[in-house]
Amino acid sequence: MSRLIVVSNRVSLPRDTGGGSVGGLAAALGAALREHHGVWFGWSGETTPQYTGQIAMERIGDVTLARVDLEPVDVDEYYNGYANKTLWPLFHDRIDLTAYERSFDAGYARVNARFAEALAALIGPDDLIWVHDYHLAPLARELRALGVKNRIGFFLHIPWPARQLLVTLPGHRKLVEALFHYDVVGFQTQDNLSAFTGYLSKEIGVGTPDDHGMVAAFGRRTRLGAFPIGIKADDFSDGALSQGGQESFARMQESMAGRRMIVGVDRLDYSKGLEERFLAYEQFLATQEAQREKVFMLEIATLSRDAVEAYQDLRGRLDAIAGRVNGAYGTMDWVPLRYVNTGYRQDELAGIYRAAAVGLVTPLRDGMNLVAKEYVASQDPEDPGVLILSRFAGAAAQMGSALIVNPYDRDEVSGAIQRALTMGYAERRRRWEKLMDNVVTEDIVAWRESFVDALKGEVRTPAARLANDAA
Ligand code: ADQ
């Protein structure tokens, strides 16, 4: 059996998270790695004054973690720079926040070349290599230059931007060309895939992919597909009933004092639409006087990328809006907007989700958004809450039974909150059942199996919906 080598910017098995949040991704990849006696390679998260290329190997059961330290300048230019100040904002349609600096470009190229060199030494002849996300787009090209002939796949967790935005990136063609060194390139949604093939057609003059999603460009052939990521549903449905889940549920119930809760859970990121969400909630409080003191909103936003200015600015604005809303509407025993920057364990989150009558998930742009799926999976089937979901989350393509909103439209979001709070039981249950059906069927196992099958060269439908469907 061939080994699976997973490569991502950071390497973190659940064990590493020190009791904080355990990403579903880490769990899912962990399972795939165990099955394939795999290796997980990436940055350790640590810096060293001078890059050595030394790999710290650690074996946990059947999985080997392989981590390298980076220099501080790498973290500035590659991670905080090209990844988080150039590609992240651009791929989330924020060209106003996108910084183009030559040093970032050079740092990105340097770290990818260093990763390739370190990784190449670990690769055996039959190994499958699965590279994750925008930090590492050029990795396959670097590996090929070192003579690596293995099958290599790339999955993009974030959206692929419209051609009109992508072409503002100096070197956009080089970035796209790099992806053609992979055997498989996977996107979250058909829309993202169409944006990619749209770029190929207009900028490169390449035709539509064939029936297997194969497309030829830059002298190479690659298979394109949409592989919508899911969650491990029972982590949340069972998690809500676990001891930790029940405790956080009970704690919420007690603090609610008979009021109903609207919940949001996000990394504190401008793509998540938190500012717009707070303003829509403020509008709801202004217009639905009868609901005041009967509901409250809990926003749990963990700090993220705090070294990047745009994140610090956003944090300041959110603090100000939360203060204003609570100052204007709060009473001596009612805080309308509870806003916390704490991270919670997965079981605790499940209990919180279950206690909420409304899940408010309103990103301005999101590759998928797993919180929407986690909220659904955590509900009590006999008394489920209502999901309000942005049309700009990748998840909206699968979750049409949510109340779908335009997060920029305060009236619409405020109206959807009122509709969710007043929805009749039959409709609430019907919508939830449809959503839950999708969350359970198109789960994280389906996602990784369909991608790994494609990487092995096997075509599986419908899980791996291939590029020709998008045409
Ligand atoms: P993210 O942008 O991080 O992921 P998301 O999909 O919502 O977005 O995943 C966030 C994860 O972190 C969820 O599992 C959530 O439970 C957890 N989390 C968030 N806040 C937390 C808190 N306060 N405490 C504990 N846990 C918290 C990127 C893309 C997404 C895509 C995923 C997976 O931006 O679009 O869905 O990758 O591909």
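None of the figures in this text is laboratory data; all of them are computed from the coordinates on show. Computed from a predicted model, the values in this text were never measured in an experiment. Backbone-built Cβ (ideal geometry, glycine too); neighbour counts: all protein chains shown.
Residue separation times 0.36 nm, minus the C-alpha to C-alpha distance between R34 and R317: what's the value? Can you show the working numbers first?
Numbers: separation 283, 0.36 × 283 = 101.88 nm, distance 4.34 nm.
Extending this stretch completely gives an extra 97.5 nm.
With a ≥ b ≥ c taken as the square roots of the eigenvalues of the C-alpha gyration tensor of the chain, please select rounded if a/c is under 1.5 and otherwise prolate if a/b is larger than b/c or oblate if it is not? Walk me through the intermediate numbers first.
Details: a/c = 1.65, a/b = 1.63, b/c = 1.01.
Judged from the Cα gyration tensor, the chain comes out prolate (a/c at least 1.5, a/b above b/c).
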request  = Given the peptides 91-100, 438-447, 57-66, 419-428, arrange them by the average over their residues of other C-beta atoms within 10 Å, most packed first.
outcome  = 438-447, 91-100, 57-66, 419-428
request  = Give, as ranges by residue number, the residues of the stretch 294-311 whose backbone N falls under 13 Å from the point 7 Å along Cα→Cβ of S255.
outcome  = 296-301
message = For K202, give me every one of the lysines with a C-alpha distance below 20 angstrom, ignoring sequence neighbours fewer than eight places off in its own chain.
response = K174
ask   = Can you give the Rg and Dmax of the stretch 233-441 based on its C-alpha atoms, in angstrom?
value = 15.8, 47
ask   = Where does the chain land at 222 nm, in deg cm²/dmol rounded to the nearest 500, when only DSSP H runs of n ≥ 4 count, each adding -39500 (n - 2.57), divided by all residues?
value = -11500 deg cm²/dmol
note = The aspartates and glutamates whose Cα lies under 13 Å from the Cα of K85, excluding any fewer than 8 residues away in the same chain, are D76, E77, D93, D96, E101, D105, D269, D306, E309
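Can you order the peptides 264-271, 335-342, 250-257 by their average number of other Cβ atoms within 10 Å per residue, highest first?
Values: 264-271: 22.0, 335-342: 16.2, 250-257: 13.5.
The most tightly packed comes first, giving 264-271, 335-342, 250-257.
Given a Förster radius of 30 Å and the C-beta distance between M57 and A145 as r, what FRET efficiency does 1/(1 + (r/R0)^6) yield to the nearest 0.05?
Values: r = 24 Å, r/R0 = 0.81.
Efficiency, rounded to the nearest 0.05: 0.80.
Express in nm, to one decimal, how much length is gained between T422 and L279 on full extension, taking 0.36 nm for each residue of separation and deducting their alpha carbon distance. Mind dumping the intermediate values first?
Values: separation 143, 0.36 × 143 = 51.48 nm, distance 2.08 nm.
In short, 49.4 nm is gained.
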ask   = Can you list the lysines whose alpha carbon is less than 27 Å from that of K373, not counting same-chain residues fewer than 8 positions off?
value = K232, K272, K294, K434
key: Near-label residues of the stretch 271-310 by backbone N, under 15 Å of a point 7 Å along Cα→Cβ of W334   = 282-298
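Indicate, rounded to the nearest 5 percent, the antiparallel portion of the DSSP beta bridges found entirely in the chain.
On the way: 12 of 59 bridges.
Around 20 percent antiparallel, to the nearest 5.
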request  = Go from 0 up to the bin containing the longest alpha carbon distance in the stretch 154-307, width 5 Å each, and give me the % of pairs per bin.
outcome  = 2, 7, 11, 13, 12, 11, 10, 10, 8, 7, 6, 2, 0, 0
query = From the phi of every residue in the stretch 406-420, what ³J(HN,Hα) in whole Hz does the Karplus formula 6.51 cos²θ - 1.76 cosθ + 1.60 yield, where θ is phi - 60° and glycine or proline is x?
reply = 8, x, 7, 9, 4, 4, 5, 5, 4, x, 5, 5, 5, 5, 5
request  = Give the distance, in whole Å, between the Cα centre of the stretch 79-107 and the Cα centre of the stretch 326-387.
outcome  = 30 Å
request  = Tell me the label-point distance for the pair D96, E247, using the 7 Å Cα-to-Cβ offset, in nm and rounded to one decimal.
outcome  = 4.4 nm
